[in-house]
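Structure first, commentary second.
The values are calculated or read from the model by the stated rules, or taken from the named source; none is laboratory data. Computed from a prediction, not measured in an experiment: that's the story for all the values here. Note: ideal-geometry Cβ built from the backbone for every residue, glycine included; neighbour counts use all protein chains shown. Side chains included, ligands, DNA and RNA excluded: accessible areas come from the protein's heavy atoms. Shrake-Rupley method; radii C 1.70, N 1.55, O 1.52, S 1.80 Å.
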Amino acid sequence: MFRSLILAALLPAISAAQVTQFQLPTENEHLFTGEPEKFYMYVDRNFEGVASKPWEGGSFGLVRNPIRVGGNVEYLQIHEGIDIAPIKRDKAGNPLDLVMSIADGTVVHLSDSPGRSNYGRYIVVAHPIDASGNVVHSLYAHLARASVKPGDTVKRGSVLGQMGYTGAGINRTRAHVHLELGLLMSPRFDGWIRSYGGGTNHHGNYNGMNLIGMDVARFLTEQRANPQLSVTEFVRKSPAYFKVTIPRNGSLDFANLHPWLVYGELSRPGPSWEISFTDTGLPTGITVSQRKVSTPIVSAVRDAKTPHRYLTRGLLSGEGKTATLSSSGKKLVALIAGSFPDPR
């Protein structure tokens with residue numbers, strides 16, 4: 001029901017032959033010119049007594065909160081989007097860059113009260129990606145102002161608002177737009193956050209915690225080189241780091257939201273589901289499994305010399321060829337599986 005209501009609002013529909021084309025959300029094109037230091041907004045870092053401003057902290061993935069593990073530097077905090085630096089400022093240093101929709105779609109959420117999220121003022125747009133009506137969502141955060149409202153249909157390049165520095169941990173010097181492209185995880189997010197004591201949810205299903213991000217910079221770069229590359233192909237081919245097998249108790253909401261991630265028939269008999277995940281927790285495939293499990297288990301993991309918790313944003317415990325779900329890993333799987341009570 002939830003998915004069909006969203007899809008009905010997405011106009012115009014796209015044909016089976018079309019591949020949804022995406023673009024960058026601002027005029028900053030340095031992602032494509034080999035100048036990442038001009039594209040990403042840096043982070044302020046002090047590691048082992050050395051202060052720095054690495055642009056890498058504005059890119060996607062495990063790029064923040066470095067620690068030393070043996071002889072290697074690992075990063076504990078994931079950045080699920082990319083921080084794009086402004087190219088225009090006024091005399092006071094305020095960013096002037098307009099923020100645009102990265103593809104055709106419909107505005108589904110506007111958080112116009114900056115204090116209600118670390119994202120500050122943010123917008124979520126749903127994008128149809130195939131003729132079946134499947135969608136992905138983009139999120140634009142830290143805006144100074146918004147030019148659209150929920151229900152508005154937008155085209156690729158339509159202005160959504162203006163870059164700013166609303167939200168936690170940002171000042172005028174580090175003003176940027178935080179962009180995410182991801183998958184909605186659950187149509188019952190409010191029940192999940194209530195179950196885990198997450199506080200008041202002001203954003204319904206479009207809370208950023210309910211959107212699992214992909215490497216949007218890599219996708220945009222690869223689609224620019226190959227315009228026939230679809231989001232679905234990009235996600236399905238993203239390298240899996242681990243797999244989780246979960247009991248099959250009725251339908252799987254996440255599979256219903258994203259049927260293109262399912263390999264084989266959803267109706268095929270079997271006592272469990274097996275879900276593949278990247279190191280950052282993005283699901284890349286779902287299959288029916290014949291393995292009987294009573295609780296979610298890690299059924300496969302990439303062999304690694306470094307403890308898995310450092311390589312998976314803390315989703316896994318263990319090392320080598322052995323891993324178990326951590327507390328945060330269990331919460332992520334519960335959200336995707338819908339295996340939580342729905343308190344009212």
Report summary line: Subset of segment 295-344, residues at pLDDT 95 or above and among the polar types (S, T, N, Q), comes to Thr295, Ser299, Thr312, Ser317, Thr322, Thr324, Ser326, Ser327, Ser328
Report task. Being of a type in the set (A, V, I, L, M) and either part of a loop (DSSP other than H, G, I, E, B) or without any contact (Cβ under 8 Å) to a residue 12 or more places away in the chain (or both) is the filter; apply it to segment 162-198 and report the residue that is nearest to Ser147 (Cα to Cα). Result -> Ala175
Query raised in the report: When only residues in segment 140-149 that are open to solvent by 30 Å² or more (accessible area, probe 1.4 Å) and part of a loop (DSSP other than H, G, I, E, B) count, which is nearest to Met41 (Cα to Cα)?
Result: Ser147
Report summary line: Heads up, the strands (runs of 3 or more DSSP E) in segment 229-339 (entirely inside) with at least 2 residues that are small (Gly, Ala, Ser) are 272-277, 283-289, 297-301
**Report entry** Selection count, segment 87-101, where residues are surrounded by fewer than 23 Cβ atoms within 10 Å (Cβ to Cβ) and either closer than 28 Å to Arg313 by Cβ or in contact with a Leu (Cβ under 7 Å, 6 or more places away or on another chain) (or both)
**Finding:** 4
Query raised in the report: Mind checking which residues of segment 30-55 are in a strand (DSSP E or B), over 18 Å from Leu179 (Cβ atoms) and either open to solvent by less than 40 Å² (accessible area, probe 1.4 Å) or touching a Gly at 6+ places or on another chain (Cβ under 9 Å) (or both)?
Result: Arg45
Query - Residue that is surrounded by the fewest Cβ atoms within 10 Å (Cβ to Cβ) [pool: residues in segment 295-322 that are closer than 23 Å to Trp192 by Cβ and hydrophobic (A, V, I, L, M, F, W, C)] - result: Ile297
Query raised in the report: In segment 261-281, what count of residues is obtained for those that are touching a residue at least 60 places away in the same chain (Cβ under 8 Å) and either surrounded by fewer than 19 Cβ atoms within 10 Å (Cβ to Cβ) or of a type in the set (D, E, K, R) (or both)?
Result: 1
Report summary line: Cβ pairs under 8 Å, 6+ apart or interchain, first in segment 319-335 and closer than 12 Å to Ser186 by Cβ and aliphatic (A, V, I, L, M), second in a loop (DSSP other than H, G, I, E, B) and at pLDDT below 95, ordered by first then second residue, are Val333/Ser339; Ala334/Phe340
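Here's the yes/no breakdown for (1) among the hydrophobic types (A, V, I, L, M, F, W, C); (2) at pLDDT below 95; (3) open to solvent by 10 Å² or more (accessible area, probe 1.4 Å); (4) assigned to a strand (DSSP E or B):
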residue: Gly57; (1), (2), (3), (4): no, no, no, no
residue: Val63; (1), (2), (3), (4): yes, no, yes, yes
residue: Ile67; (1), (2), (3), (4): yes, yes, yes, yes
residue: Thr106; (1), (2), (3), (4): no, no, no, yes
residue: Tyr119; (1), (2), (3), (4): no, no, yes, no
residue: Val124; (1), (2), (3), (4): yes, no, no, yes
residue: His127; (1), (2), (3), (4): no, no, no, yes
residue: Ser138; (1), (2), (3), (4): no, no, no, yes
residue: Gly151; (1), (2), (3), (4): no, no, yes, no
